[in-house]
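All remarks here apply to the structure that follows.
Coordinate-derived values only; no laboratory data. Everything quoted here is computed from the prediction, not taken from an experiment.
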């Protein structure tokens, strides 16, 4: 595969973790990478994920949950699962891709008031951002 490095974030519902990772990755990686996200059982982008990302200046309200199947025929340099279920049920990609697994709790399973649940989305968002920054720094050192 030539050109930009391609990264696919994968989780079960493509509703929060992978959506937030896609948006943040795109915002800091610039034009060095092409990035997308998908789900093994896509649903919809969670409203609290949208709010959490708006707080850091990223609008994911236009993003949609997508199934992984259409992405299988594409070449990816990296397929990064961000939930344990997606890691376990990740399909085999026919083109060489490096599989990475970053385990993050599912914020959509949080309970409590809306503010308490939003706090969980913020925490997962911040953990994703730290992991992405560290990973991109590692990639820069290797280049």
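The table for this structure:
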| read-out | value |
| --- | --- |
| Equivalent ellipsoid semi-axes, region 92-143, via Cα gyration tensor eigenvalues times 5, rooted, Å | 30, 16, 6 |
| On Cα atoms only, tilt of 17-29 relative to the major axis of the chain in degrees | 60 |
| The chain, relative contact order in percent, only Cα pairs under 8 angstrom and at least six apart counted | 27 |
| Cα convex hull of the chain, projected area averaged across orientations, nm² | 8.1 |
| Percent of C-alpha pairs per 5 Å bin, region 55-134, short to long | 3, 12, 17, 22, 21, 14, 7, 3, 1 |
| Inter-centroid distance (Cα atoms) of region 19-50 relative to region 80-112, Å | 13 |
